[in-house]
Each structure stands twice: as C-alpha cells, then as structure tokens.
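Take a look at the structure set out below.
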Amino acid sequence: LLALLLAGLGASPAWARPATIDDGTLTYHVDHRFKSFDAVMPASAVEFSLDLDPTAPETLSCTARIPLASFDSGNQLRDEHAAEALELFLFADARWTAETVEVVEREPAAGAVNKAILRVTGPMTLHGETHTLSADVLMAVAGDRVAIQATFPISLEEYGVPRPGLLGFK
C-alpha cells in the first residue's frame with residue numbers, strides 16, 4: 001500500500017508549474033505474517049508538477065516522479081533487499097500521471113473549491129511496467145496552497161517485482 005501525502009504545495013492561482021512541496025511524506029506499508037512495517041520518504045524528494053484551476057478541479061493535471069531509493073524503513077538491510085527486488089539500478093523511479101479526474105465531492109458546490117475528493121486515474125510506471133492506477137485524492141485548498149492525500153494498493157506481481165520473502169514465506 002502506498003500512501004501519498006503532500007501538504008503545503010505553494011502555488012500561484014494559475015497553478016500551472018512545478019509545485020514546491022514543503023511538507024508531507026510518501027509511505028509504503030508492508031504486511032507479512034511475521035512482520036509489518038512502513039517505509040517513508042519526505043515528499044520534498046518527489047518531483048511534482050501541478051496544474052489546477054480551483055474553479056474547475058476536474059481539469060487538474062499532475063505528474064509525479066518518485067525516487068524509490070529515498071524510502072527509509074528504519075532497517076538498512078531491509079531497504080537494501082527492497083532495492084534489489086525493485087532493481088533500482090535499472091528502474092530508479094516510479095512515475096504517475098493524472099489523465100482523468102472525476103469530482104466525487106466538492107465544497108463549495110460552485111466557485112473556487114476549498115475541499116474535494118477527486119478520483120484520479122492515469123498510468124503508473126514501476127519496475128519498467130506501466131499500468132493504469134486509480135486513487136481517490138483528498139484535496140484541500142487555502143489561498144495559494146493545496147494539500148493532497150491519497151492511499152492506493154500496488155501489486156508487486158502486476159509490476160513484475162519478485163515478492164521478497166522472510167523465513168521462507170513470501
């Protein structure tokens with residue numbers, strides 16, 4: 001499970017430029033029968049571009065380049081095994097681009113949006129494989145700042161990543 005939380009994206013009202021990320025984290029969570037853990041990276045490590053018209057959130061477009069070596073699980077050996085499984089020497093980044101945006105909820109109903117839930121769909125590239133990914137994105141807008149949060153599952157098998165094991169269990 002990968003959770004994306006980007007807070008404090010400074011942007012002008014036109015909002016069509018690379019965004020400055022000044023707070024937040026990206027986290028992936030792993031559940032295994034013997035161990036569960038999170039690996040975290042500062043959101044400032046992500047290259048993020050945002051194009052948002054607050055009066056028409058359905059026109060949102062964004063791209064993200066995520067440098068996978070920036071994740072830290074608190075265990076260097078585990079991070080090295082993750083880097084091997086993901087073959088970071090070949091596929092250093094994950095990339096996601098918003099292609100379609102559906103407004104699920106918004107406040108207020110008209111005018112510039114303050115809060116919204118957007119269903120964002122687009123290609124996600126990981127480990128050299130590209131598949132369509134959809135995520136519900138919670139967005140809050142205050143002045144020239146926007147905060148976004150999304151959580152979505154990623155299947156290692158779908159992206160051709162061999163499942164790591166612990167004590168013989170995948």
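Quick look at the numbers
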{"item": "Residue count for region 61-82, restricted to those that are open to solvent by 20 Å² or more (accessible area, probe 1.4 Å) and more than 20 Å from Asp31 (Cβ to Cβ)", "result": "9"}
{"item": "When residues of region 22-45 are limited to those that are over 13 Å from the mean Cα position of the chain (by Cα) and under 30 Å from Asp144 (Cβ atoms), the one modelled with the lowest pLDDT", "result": "Asp22"}
{"item": "Complete set of residues in region 74-107 that are assigned to a helix (DSSP H, G or I), free of Cβ contacts under 8 Å to residues at least 60 places away in the same chain and of a type outside the set (D, E, K, R)", "result": "Gln76, Leu77, Ala83"}
{"item": "Asp31 vs. criteria of a type in the set (Asp, Glu) and exposed (fewer than 13 other Cβ atoms within 10 Å of the Cβ)", "result": "yes"}
{"item": "Members of region 41-73 that are part of a loop (DSSP other than H, G, I, E, B) and not hydrophobic (A, V, I, L, M, F, W, C)", "result": "Asp53, Pro54, Thr55, Ser73"}
{"item": "Residues being under 27 Å from Ala69 (Cβ atoms) and either surrounded by 15 or more Cβ atoms within 10 Å (Cβ to Cβ) or under 20 Å from the mean Cα position of the chain (by Cα) (or both) - total across region 86-115", "result": "12"}
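The values are calculated or read from the model by the stated rules, or taken from the named source; none is laboratory data. The shown structure was predicted, so the numbers you read here are calculated from the model rather than taken from an experiment. Glycine gets a Cβ as well: all are built from the backbone with ideal geometry, and neighbour counts include every protein chain shown. All accessible areas refer to the heavy atoms of the entire protein, side chains included, with ligands and DNA or RNA removed. Shrake-Rupley method; radii C 1.70, N 1.55, O 1.52, S 1.80 Å.
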